[in-house]
Amino acid sequence: MIMADIAKRTTDKNNRVLFLVHRKELIEQAEKTFKEQRVDMRLVQFSMIQSAAKHLKNLYPAKLIFVDEGHHSMAKSYLKVLDHFNESFKLLFTATPWRSGKGGFTEIADDLIVGRPVSWFIKKGYMADFDYYAPNEIDTEKLKVSQGDFSNKSINEALKHTIYGDAVKYYKQLAAGKQAIVYTHSVESAYKVAEEFNKSGIKAKALDGSTESNNRERVINDYRNGKLTILVNRDLFTEGLDLPNVDCVIQLRPTKSLALFLQFSMRCLNPRENKKAIIIDHVNNVGRFGLPDEEREWNLSGKHSSELLNPIKTCPMCFGTFYKKDVKKNLCPYCGSELTSENAGNSGKAYEIKKDAKLAKVNRNRLADIKKEIKAEIASHVPSDWHDAKSQAQLEEYAKIHGYKHGWAYFKARSMHLL
């Protein structure tokens, strides 16, 4: 809508607009929106970036150039076109101004205009709220980086024998009946995952970059019309494509790219009345980047350190998930349990994909609920009368339930000759 409004103001003054995209589907969507907003289409030229870079002579001189998914704009093909129109105004649009490789956007952009954070859109109802589920522990020791992200070879090694959590089982448990998109790390894995869903009686299809356009459009239309429940892909549905009925995202691909993680996660946040999206993260991407609605400090320099990212940790006692910077005195900010180097978050035990892996819900505002859950769990195996306690540990748990002061359990244990 914003681009269409700017384009209308430009063409109303009899100026030309060039709109650059990297996928055919994005042109169809943009054309539809521009026409709805009554943009003078005689003065607008849409072009795939690959074609534009090869055939510069076929491009009309433009007063204004739009670059959709502008985080790609430092690629050679984009730079070739943008340099060709050195007198034109350029507007780069992206929800994720982030580059996995070195460098930022200072070579092509003079300023960065940051929009509202995701949390604001959720609060206002422009995006759906969500529940986030993630593995309790994961180790990325086997993963190796190539060209800014984990290499397929190393992911294959890490996922060699099994998958972290049974994707089908947890879909049934957490999001049964919801239309979902699954992101995998390779074409082969995409088709294997689709096969697993189909074996369980859940209609699924896998698509990849080599799928013929007619077949791809047919599958996408079946998904839009509700004939398919699960759509599996390898990075095919990360940007731009309009799929409003996605209610669940399943992440089976680990990534080092914040942009990719946010594109994965926010694919299911199209709003609908009373909708609660479900994100199931089997590879603990949330541990690297935080929750998708956290506010982030975007900049043009490309200097996004781990301090900006605030890595997430998970309490082994209550499964509460929080930022490392929020830990005080080595205590869980949710339940107060002590966090040792062995149990504070991702412990470094083998990055194996286990069918019986447990997924914990990552809830952003659940301190009170977690305290209740912990008390209930403790109460389930603590005597109702402290005189019946068999150990100091039981006395300590009894003290937690009843709010007794620190040290009470120790002195009671001594008096009962339990030490």
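The values are calculated or read from the model by the stated rules, or taken from the named source; none is laboratory data. For clarity, every value in this text was computed on a predicted model and none was experimentally measured. Heads up, the Cβs are rebuilt from the backbone with ideal geometry, glycines too, and the neighbour counts pull from every protein chain shown.
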Every residue from the range 220-233 that is surrounded by fewer than 17 Cβ atoms within 10 Å (Cβ to Cβ) and in contact (Cβ under 8 Å) with a residue 12 or more places away in the chain: 222, 224, 226, 227
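Can you pull out the residues in the range 34-54 that are farther than 25 Å from residue 13 by Cβ and assigned to a helix (DSSP H, G or I)?
As a first pass, look at the range 34-54 and keep what is farther than 25 Å from residue 13 by Cβ: 48-51, 53-54.
Within the range 34-54, 49, 50, 51, 53, 54 qualify.
Just checking, which of 20, 82 is among the aliphatic types (A, V, I, L, M), under 30 Å from residue 151 (Cα atoms) and not in a loop (DSSP other than H, G, I, E, B)?
Just one listed residue meets the conditions, 20.
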Pair list, Cβ under 7 Å, 6 or more apart: the range 258-283 residue free of Cβ contacts under 8 Å to residues at least 60 places away in the same chain, other residue in a helix (DSSP H, G or I): 261/289
Residue pairs meeting the criteria (Cβ under 6 Å; at least 6 apart or on separate chains; first among the polar types (S, T, N, Q) and modelled with pLDDT of 75 or more, in the range 384-412; second surrounded by fewer than 13 Cβ atoms within 10 Å (Cβ to Cβ) and in a loop (DSSP other than H, G, I, E, B)): none
Pairs with Cβ under 7 Å, 6+ apart, first in the range 31-50 and without any contact (Cβ under 8 Å) to a residue 24 or more places away in the chain, second of a type outside the set (Lys, Arg) and surrounded by fewer than 18 Cβ atoms within 10 Å (Cβ to Cβ): 35/41
Given (1) assigned to a helix (DSSP H, G or I); (2) at pLDDT 95 or above, index of the condition residue 57 fails: (2)
Residue list for the range 51-75, filter: free of Cβ contacts under 8 Å to residues at least 12 places away in the same chain and over 15 Å from residue 23 (Cβ atoms): 54, 55, 57, 58
Condition check for residue 10: more than 31 Å from the chain's Cα centre (by Cα), part of a helix (DSSP H, G or I) and not assigned by TED's automatic domain parsing to the domain that holds residue 298: yes
